[in-house]
Amino acid sequence: MFTWFHKLASPPYFYLLAERLVPWFAWASLLIILAGLYGGLWLAPPDYQQGDGFRIIYIHVPSAWMSMFAYAVMAVAAAIGLIWRMKLAHAVSAAAAPLGASFAFLALVTGSLWGKPMWGTYWVWDARLTSELILLFLYVGYIALNQAFEDQRTGDRASAILTLVGSVNLPIIHYSVQWWNTLHQGPTVFVGTGSDIAPGMLVPLLVMIAGFMLYFAAFVMKRIQVEVLRRERNTNWVQELIDKP
Amino acid sequence: MKLAALVRRDLLLAYRRRGDVATPVIFFVMVTALFPLALSPEPALLRTLAPGVIWVAALLAGLIGQGSLFKSDYEDGTLEQLLLSPVSLELVALLRVLTHWLVTGLPLVILSPLMAMLLFYPASAMGMLIASLLLGTPVLSLLGAVGAALTVGLRRSGLLLPILILPLTVPVLIFGARATALASQGEPVAAPLYLLAAMLVLALTLAPFAIAAGLRVSLES
């Protein structure tokens with residue numbers, strides 16, 4: 001298993017592997033997102049309270065989930081990069097950060113668009129909205145620190161430490177903000193034993209989440225390829241790759 | 001013994017650079033004094049805003065002081081000597097942060113009742129204000145030191161540090177301001193104070209590792 005791990009960590013091996021995998025993930029995500037959108041916008045019944053307005057959930061919830069998932073990916077990659085000094089792991093973090101920030105931004109925008117008809121205002125200082133905003137700030141901090149160093153390796157390791165500090169702090173931020181103020185509806189997708197959402201509405205949501213996951217996988221790999229090329233631009237294998245017709 | 005020498009050196013350096021050390025405290029006083037000018041001199045309004053104003057001012061003042069925490073030691077090579085010394089860097093970092101808090105954070109805490117009085121914060125709640133600041137400002141110092149360690153090698157780290165650290169300080173701000181506000185209304189403040197204490201314990205035990213790791217990264221480049 002470790003030989004495979006080491007092999008995966010080799011930039012040229014990963015580059016060529018990603019080259020083959022990206023189209024599969026990208027096309028699969030496109031098809032699944034289209035299917036999820038059809039399910040969510042046409043097949044799912046309108047909500048008895050919110051009417052058709054609730055349908056923004058099919059973008060809002062997957063974006064919010066992905067914004068947290070991307071940070072989890074970065075935290076794991078940061079730990080791997082610091083412990084095993086694996087260069088590729090830092091490329092994973094650097095590739096995932098802008099995607100995570102975009103998802104957090106998308107979740108905030110769709111949330112405020114949803115808030116206008118439901119709560120009567122675009123923005124409330126609600127716990128979940130606030131912690132999503134702070135998550136966006138954490139992403140911004142990571143990106144700023146990663147780019148501030150002239151030496152890429154120093155920037156990678158410094159921002160990896162920041163990511164780990166942030167991942168220890170994120171649950172504390174989440175709960176402190178929750179005690180501070182709550183207006184947002186409680187968790188509905190997973191509540192202990194079952195789900196509070198009607199199956200007709202839940203299935204398209206899960207399909208959309210799967211589609212967003214595949215989208216993230218495809219684009220994080222594509223971005224890692226770019227990061228790898230940028231970091232390894234002076235090596236032989238990149239030169240050979242360019243020279244190859 | 002070696003550690004005592006380090007603390008002595010830090011305190012002596014702070015004494016020799018009294019002006020630098022006083023800057024965050026002066027900043028704290030000035031920022032607090034700006035709020036009545038910007039909002040309104042009305043006592044009732046200022047009383048409700050006082051906890052938030054004092055905490056935000058303390059937070060920003062703490063971060064400003066933190067920027068130069070390792071700078072001069074990094075520039076003259078002392079930091080490299082400390083890294084090579086047999087004493088663990090984590091312990092050295094923790095002592096440095098605590099000494100720095102003693103000369104910048106503690107004066108701020110001592111001055112805070114004065115600023116609170118200017119904002120018509122009730123005198124009966126002063127004790128709780130001081131208690132919450134005593135528990136909260138060391139956490140801010142430790143978090144700020146993580147940012148200072150990560151950015152010490154950068155030439156322009158001035159604005160980067162707050163961007164990195166401010167999101168992480170949200171829990172301290174929430175519970176500190178909450179404790180201060182509850183105290184002014186005569187409500188029990190045990191819950192937010194215990195949470196601040198828990199965060200202090202967590203920061204005291206975990207932050208030194210992050211600070212030391214950050215210093216090692218900064219020194220390797």
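The values are calculated or read from the model by the stated rules, or taken from the named source; none is laboratory data. Source: prediction; values computed, not measured. In case anyone asks, the SASA skips ligands and DNA or RNA and just uses the protein heavy atoms, side chains included. Shrake-Rupley method; radii C 1.70, N 1.55, O 1.52, S 1.80 Å.
So the values come out like this:
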{"read-out": "1.4 Å probe accessible area per residue over chain A, in Å²", "value": "52"}
{"read-out": "Cα-based convex hull, chain A, per residue volume (Å³, whole number)", "value": "151"}
{"read-out": "Per residue accessible area in Å² of chain B, where ligands, DNA and RNA are left out and the probe is 1.4 Å", "value": "46"}
{"read-out": "Members of the stretch B:174-221 that become less accessible by 40 Å² or more once partner protein chains are added (1.4 angstrom probe, chain alone as reference)", "value": "B:ILE174, B:PHE175, B:ARG178, B:VAL217, B:GLU220"}
{"read-out": "Exposure of A:LYS87 as accessible area (Å², to 10), given a probe of 1.4 Å and all protein chains", "value": "120"}
{"read-out": "Rounded percent of accessible protein surface that carbon and sulfur make up, the protein assembly as shown, 1.4 Å probe", "value": "70"}
{"read-out": "A:SER93 - accessible surface, heavy atoms, 1.4 Å probe, Å² rounded to 10", "value": "0"}
{"read-out": "Reduction of at least 50 Å² in accessible surface, 1.4 Å probe, comparing all protein chains with the chain by itself, residues of the stretch A:151-168", "value": "A:THR154, A:ARG157, A:ILE161, A:LEU162, A:VAL165"}
{"read-out": "Heavy-atom accessible area order for A:TRP4, A:TRP123, largest first, 1.4 Å probe", "value": "A:TRP4, A:TRP123"}
{"read-out": "Where A:VAL73, B:VAL146 fall by accessible area, highest first, once all protein chains stay in place (1.4 Å)", "value": "A:VAL73, B:VAL146"}
{"read-out": "Buried solvent-accessible surface, both chains (B, A), 1.4 Å probe, Å² to nearest 100", "value": "2200"}
{"read-out": "Cα convex hull of the protein assembly as shown, projected area averaged across orientations, nm²", "value": "27.3"}
{"read-out": "Solvent-accessible area of A:HIS6 with every protein chain in place, 1.4 Å probe, in Å² to the nearest 10", "value": "120"}
{"read-out": "Geometric extent, Cα atoms of chain B - Rg, Dmax (angstrom)", "value": "17.8, 58"}
{"read-out": "Shape box of the stretch A:95-137 [Cα atoms, principal axes, largest first, Å]", "value": "37, 16, 10"}
